[in-house]
Amino acid sequence: AIAKKEAGTPQSVAVVGAGPVGALAALYMAQLGWRVSLYEARSDIRKEQVYHGRSINLALSTRGILALRGTKLNLDEEVLREAIPMRGRMIHDQHGRQSSQAYGVHGEASRWTYINSVDRGKLNCRLLDAAEKHPNIKLKFGHKVVHCQPDLGALVVETGTDDARETFTISHDFIIGADGAFSTIRRALMRCTRMDYQQAYIPHCYRELTIQARVDAEGNRSFAMDPYHLHIWPKMSYMMIALPNTDQSFTCTLFMPQEKFDAIRSQQQLVEFFQQEFPDAYELIGRESLCEEYFRNPLGSLISIKCKPYHYQDKMVIIGDAAHSMVPFYGQGMNAGMEDVMILQEMLLRYQNSLSDALDAYTALRHDDAVAICDLAMYNYVEMRAHVHSPVYRARKAIEGVLYRLMPSYVVPLYTMVSFTTIRYSEATRRSQRQGRWIYIASGVALAVTLGLAFAATTISLSHHHRRHRQQAPTSAA
Ligand code: FAD
């Protein structure tokens with residue numbers, strides 16, 4: 001039965017989870033001719049007043065954009081029309097002074113040298129609208145998958161409310177688990193494969209706050225800070241960031257160790273902390289809004305998950321956060337999940353005669369990349385909160401930029417490779433380590449030239465001084 005199943009032939013597939021990755025996967029599979037049922041535990045977010053997802057806005061970059069483009073439904077253009085380009089980081093210091101660090105090395109304003117702040121809810125809605133229009137896709141909101149029997153391709157699904165709950169079992173030829181970090185499908189996969197699994201919570205949690213738009217006397221709205229940057233308040237052991245929204249507000253995310261959050265128990269403590277640590281942000285958020293949001297908004301945890309394999313025979317596969325949850329500091333979680341969908345499609349097309357070969361190839365190809373981006377995301381947390389201020393970091397970035405201009409085939413900044421290209425994450429890591437040598441050599445040359453010039457300048461000035469001294473000596477003797 002397994003051998004007969006051919007990748008890409010019109011059979012039934014269950015996609016579990018209608019987040020950005022699951023909704024995109026449903027579209028790709030439908031376009032390959034599969035009959036798709038998309039199961040989502042929550043109700044339809046398009047009918048909700050407020051979106052209760054993980055983060056309100058997030059950074060969409062090249063991998064995500066290309067995956068949207070791959071649907072050939074103009075989704076990339078639609079999403080980017082509602083996005084705000086962020087051309088660099090804006091670093092806020094203790095005194096509220098700001099300094100800009102561009103993402104693109106050449107300073108060009110191309111779509112491929114900036115990241116885009118998008119509304120997570122709207123992006124998800126666009127994908128669901130497109131999925132709903134596709135004749136091969138059936139959307140099933142309020143359908144929670146509670147159990148999965150991979151060998152039978154069976155899902156046990158729960159529907160209804162607490163008062164009237166109903167459970168039924170349904171079979172599909174193939175199951176795609178896109179049900180997020182706490183995936184039920186991954187749990188089932190663990191039971192039928194020898195899965196290596198690793199998870200880590202970092203000590204830091206996050207809480208979201210808002211900088212509202214400025215409104216003048218005539219009711220005109222404007223941004224309270226430069227909207228074309230990702231704003232960062234680095235504090236060494238913690239930090240706050242802010243991304244712009246199209247309603248001219250900013251969503252701030254405060255990342256701190258849980259004990260630090262727990263230590264702030266009263267409004268007075270909160271206000272003193274913000275006045276001391278984030279004086280400019282405090283002014284922009286405002287005391288009332290800060291106190292209200294801080295004590296109302298939930299504290300989110302940050303988890304990193306690595307596992308292998310991602311599939312079981314030709315029965316099921318996990319993608320997105322279900323396969324590789326990462327801390328959010330490279331802004332790649334969703335982008336990587338969307339790229340998963342493209343790579344899965346590529347494997348299904350490459351191994352048209354065998355779904356299990358396609359899935360074997362998928363795990364083999366994707367695992368190294370998922371591990372690489374999970375590690376890079378962890379590393380970037382230290383960079384964002386502790387290094388961006390340092391002169392050594394800035395000097396290294398400047399040297400890297402010069403080398404990129406001089407020899408772009410040898411040196412490409414790591415951030416550029418990750419955010420603005422589709423170079424495999426694992427290859428980007430390796431290249432960055434290799435080119436570290438060039439930067440090391442260039443730094444040595446720059447240091448030698450600087451010291452040489454300083455030495456030459458000192459020698460010249462000393463010899464001038466001696467000559468003047470010798471010329472003056474007989475005069476004074478006279
Ligand atoms: P999810 O978004 O978690 O969606 C899973 C879906 O499955 C949900 O709708 C859920 O209801 C449903 N589901 C779960 N269990 C079941 C079940 N049993 N049955 C049916 N349905 C189920 N990424 C970026 O690319 N850029 C960023 O700037 C960025 N910023 C972030 C900031 C923060 C603070 C955080 C926490 C994350 C950030 N991310 C970012 C990561 C990004 O949010 C995730 O990588 C992305 O949401 C993963 O998408 P997904 O579809 O795989 O999973």
Response to the item:
Of SER266, SER249, SER289, SER304, the only residue that is hydroxyl-bearing (Ser, Thr, Tyr) and within 14 Å of the ligand (Cβ to nearest atom) is SER304
Item to complete: Name every residue in region 329-374 that is aromatic (Phe, Trp, Tyr) and not in a helix (DSSP H, G or I), in order of residue number.
Response: TYR351
Item to complete: Those residues that are on the phi > 0 side of the Ramachandran plot and more than 8 Å from the ligand (Cβ to nearest atom), I need them from region 311-366; list them, please.
Response: GLN313
Worksheet item: Any idea how many residues of region 245-302 are of a type in the set (A, V, I, L, M), within 26 Å of SER117 (Cα to Cα) and surrounded by fewer than 15 Cβ atoms within 10 Å (Cβ to Cβ)?
Response: 1
Item to complete: Taking only region 151-171 into account, find how many residues are under 19 Å from MET29 (Cα atoms) and surrounded by 19 or more Cβ atoms within 10 Å (Cβ to Cβ).
Response: 2
Discussion item. Being in contact with a helix residue (DSSP H, G or I) (Cβ under 8 Å, 6 or more places away or on another chain) and exposed (fewer than 14 other Cβ atoms within 10 Å of the Cβ) narrows it down to one residue among VAL118, VAL146; which is it?
Written reply: VAL146
Worksheet item: Does any residue in region 173-193 that is outside the structural domain of GLY33 (by TED's automatic domain parsing) come within less than 8 Å, Cβ to Cβ, of a residue that is within 7 Å of the ligand (Cβ to nearest atom) and part of a strand (DSSP E or B) six or more places away or on a different chain, and which pairs are these?
Response: none
Practice prompt. Determine whether PHE174 is surrounded by fewer than 20 Cβ atoms within 10 Å (Cβ to Cβ) and modelled with pLDDT of 95 or more.
Written response: no
Fill in: Extreme residue, surrounded by the fewest Cβ atoms within 10 Å (Cβ to Cβ), among residues of region 303-327 that are part of a strand (DSSP E or B) and hydrophobic (A, V, I, L, M, F, W, C)
ILE303
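The values are calculated or read from the model by the stated rules, or taken from the named source; none is laboratory data. Predicted model only: the values in this text are computed from it and were never measured. With ideal geometry, Cβ positions are generated from the backbone for all residues, glycine too; neighbour counts draw on all protein chains shown.
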